[in-house]
Amino acid sequence: MNRVKAPVEPMQSVRPDAAVAGYSRKARILLQRIAGNLARWIKVLLSPRRTELSGPSATAIALIVLVLIADVAAMFLLDSPAIAWASRLPAWFNGAFEQITDFGLGAWFLVPFGFVVLCLAALTSSALPRLTQGVLAALAARFGFLFLAIGVPGLFVTIVKRLIGRARPFVGGRDDPFAYLPLAWRPEYASMPSGHATNAAAAAIAIGAVWPRSRVVMWLYALLIMFSRVVVMAHHPSDVIAGALVGVIGASLVRRWFAARRLVFSASDLRAYAGPSLRRIGIAIRQAAFFGKTATFATD
């Protein structure tokens, strides 16, 4: 007997315009979630202080004054000899430090820290369990602190150094530590303070504050970057000292700002609160990612 074949129904295909509209809606909702979380976190960061902090200690003030005095003394006693020494170094030595000095750019820190904050803003939702929300919020506060503690001093120096207008070594064909062109807004007259030194010192303070065990490594990194700026003859030693001072003070002020709002740091001793464990972080991220898939980016 001949078998009667059942009619084959044509496959239903998704209309391309409908698929595009669906992805567009999901992307719009995701962007709204990111923007909403960032706005909420900024509001918390700009909220009134929850506690008063004691002022800087007499020791800290004395150290700042001593560094300022040393910086002025370096202009007269150290800048010219140091640049003359750097100009006589072997080409291979200068070339090696030309590669090393690029690791003092702020982007090495700001891009990954900023990316993590954006990812946490995309994952955080009020529909998640409260414990998971707390873990994500703790991570956002920490990486937000790291981003601001490095970015704020760096932005300050980017503007101030162009207003001061100190000439870099060998601008005009010879080294003159006292050559200035204020308000020039030209790279060759943007020597003081050193931006690389600011970034490196701020990173050492900020990362060391969140992860104290990293302090030795971070300060070795910072000193290497500072030394490299003189070796490649991009800055005088006094530029580097000034940049390091700005980085330390700037990152410390951001730390105090967070502590006054009981974010990341204790107001009593400025120590970082205990953060969530790696296991708890992994669970929270998996829950948030699973929610993002199952909820089809539903609005909060």
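The values are calculated or read from the model by the stated rules, or taken from the named source; none is laboratory data. Only a predicted model underlies this, so the values are computations on that prediction, with no experimental measurement involved. Every residue, glycine as well, gets a Cβ built from its backbone with ideal geometry; the counts of neighbours run over all protein chains shown.
Of these, 129, 112, 177, 153, which one is surrounded by fewer than 17 Cβ atoms within 10 Å (Cβ to Cβ) and under 29 Å from residue 193 (Cα atoms)? Quick ask: steps written out before the conclusion?
Numbers: 129 fails: under 29 Å from residue 193 (Cα atoms); 177 fails: surrounded by fewer than 17 Cβ atoms within 10 Å (Cβ to Cβ); 153 fails: surrounded by fewer than 17 Cβ atoms within 10 Å (Cβ to Cβ).
Only one candidate qualifies: 112.
Only one of 214, 194 is among the hydroxyl-bearing types (Ser, Thr, Tyr), on the phi < 0 side of the Ramachandran plot and free of Cβ contacts under 8 Å to residues at least 12 places away in the same chain. Can you tell me which?
On the way: 194 fails: free of Cβ contacts under 8 Å to residues at least 12 places away in the same chain.
Just one listed residue meets the conditions, 214.
Taking the stretch 196-225, which residues are under 23 Å from residue 94 (Cα atoms) and either hydroxyl-bearing (Ser, Thr, Tyr) or buried (at least 24 other Cβ atoms within 10 Å of the Cβ) (or both)?
Result: 196, 197, 198, 199, 200, 201, 221, 222, 225.
What about residue 238, is it surrounded by fewer than 17 Cβ atoms within 10 Å (Cβ to Cβ), part of a helix (DSSP H, G or I) and either of a type in the set (Val, Ile, Thr) or touching a helix residue (DSSP H, G or I) at 6+ places or on another chain (Cβ under 7 Å) (or both)? Even if it seems obvious, please write down each step before you answer.
Working: surrounded by fewer than 17 Cβ atoms within 10 Å (Cβ to Cβ): no; part of a helix (DSSP H, G or I): yes; either of a type in the set (Val, Ile, Thr) or touching a helix residue (DSSP H, G or I) at 6+ places or on another chain (Cβ under 7 Å) (or both): yes.
The answer is no for residue 238.
Only one of (1) under 30 Å from residue 91 (Cβ atoms); (2) surrounded by fewer than 24 Cβ atoms within 10 Å (Cβ to Cβ) is not met by residue 243, so which one is it?
(2)
Tell me, yes or no, whether the stretch 200-217 has at least one residue that is touching a Gly at 6+ places or on another chain (Cβ under 8 Å), more than 24 Å from residue 255 (Cα to Cα) and part of a helix (DSSP H, G or I).
The answer is no, given that none of the residues of the stretch 200-217 is touching a Gly at 6+ places or on another chain (Cβ under 8 Å), more than 24 Å from residue 255 (Cα to Cα) and part of a helix (DSSP H, G or I).
Would you confirm whether or not the stretch 44-56 contains a residue that is over 30 Å from residue 241 (Cα atoms), among the aliphatic types (A, V, I, L, M) and part of a helix (DSSP H, G or I)? Give the steps one after another, and end with the answer.
Taking the stretch 44-56 as the starting set, the residues that turn out to be over 30 Å from residue 241 (Cα atoms) are 44-52.
From what's left, among the aliphatic types (A, V, I, L, M): 44-46.
With part of a helix (DSSP H, G or I) added as a condition, the list becomes 44-45.
Yes: one or more hits.
Test residue 227 against the criterion of being at pLDDT 95 or above, in contact with a Gly (Cβ under 9 Å, 6 or more places away or on another chain) and assigned to a helix (DSSP H, G or I), and give yes or no.
On the way: at pLDDT 95 or above: yes; in contact with a Gly (Cβ under 9 Å, 6 or more places away or on another chain): no; assigned to a helix (DSSP H, G or I): yes.
Answer is no for this residue.
Criterion first (farther than 30 Å from residue 23 by Cα, in contact (Cβ under 8 Å) with a residue 12 or more places away in the chain, hydroxyl-bearing (Ser, Thr, Tyr) and touching a strand residue (DSSP E or B) at 6+ places or on another chain (Cβ under 8 Å)) does residue 189 satisfy it? Explain how you work it out, then say what you get.
Numbers: farther than 30 Å from residue 23 by Cα: yes; in contact (Cβ under 8 Å) with a residue 12 or more places away in the chain: yes; hydroxyl-bearing (Ser, Thr, Tyr): yes; touching a strand residue (DSSP E or B) at 6+ places or on another chain (Cβ under 8 Å): yes.
So residue 189 passes the test.
Looking at the stretch 41-56, is at least one residue closer than 30 Å to residue 260 by Cβ, surrounded by fewer than 13 Cβ atoms within 10 Å (Cβ to Cβ), of a type in the set (Val, Ile, Thr) and within 26 Å of the chain's Cα centre (by Cα)?
For the stretch 41-56, residues closer than 30 Å to residue 260 by Cβ, surrounded by fewer than 13 Cβ atoms within 10 Å (Cβ to Cβ), of a type in the set (Val, Ile, Thr) and within 26 Å of the chain's Cα centre (by Cα): present.
Taking the options 200, 289, 260, name whichever one is small (Gly, Ala, Ser) and in contact with a Phe, Trp or Tyr (Cβ under 7 Å, 6 or more places away or on another chain).
On the way: 289 fails: in contact with a Phe, Trp or Tyr (Cβ under 7 Å, 6 or more places away or on another chain); 260 fails: in contact with a Phe, Trp or Tyr (Cβ under 7 Å, 6 or more places away or on another chain).
Unique residue meeting the criteria: 200.
Among the numbered criteria (1) within 18 Å of residue 212 (Cβ to Cβ); (2) surrounded by fewer than 22 Cβ atoms within 10 Å (Cβ to Cβ); (3) among the β-branched types (Val, Ile, Thr), which one does residue 254 miss?
Status for residue 254: all satisfied but (2).
Looking at 120, 146, 136, 78 in this structure, which one is surrounded by fewer than 22 Cβ atoms within 10 Å (Cβ to Cβ) and in contact (Cβ under 8 Å) with a residue 12 or more places away in the chain? Full working, then the answer.
Details: 120 fails: surrounded by fewer than 22 Cβ atoms within 10 Å (Cβ to Cβ); 146 fails: surrounded by fewer than 22 Cβ atoms within 10 Å (Cβ to Cβ); 136 fails: surrounded by fewer than 22 Cβ atoms within 10 Å (Cβ to Cβ).
Only one candidate qualifies: 78.
If you check 115, 156, which single one turns out to be closer than 25 Å to residue 29 by Cβ and either in a helix (DSSP H, G or I) or among the basic types (Lys, Arg) (or both)? Give the steps one after another, and end with the answer.
Values: 156 fails: closer than 25 Å to residue 29 by Cβ.
On inspection, the qualifying residue turns out to be 115.
Please state which one of 86, 19 is modelled with pLDDT under 95 and assigned to a helix (DSSP H, G or I).
After applying the criteria, what remains is 19.
Quickly run through the stretch 57-75 and pick out the residues that are at pLDDT below 90 and either in a helix (DSSP H, G or I) or within 26 Å of the chain's Cα centre (by Cα) (or both). Give the steps one after another, and end with the answer.
Narrowing the stretch 57-75 to residues at pLDDT below 90: 57.
Those that are at pLDDT below 90 and either in a helix (DSSP H, G or I) or within 26 Å of the chain's Cα centre (by Cα) (or both): none in the stretch 57-75.
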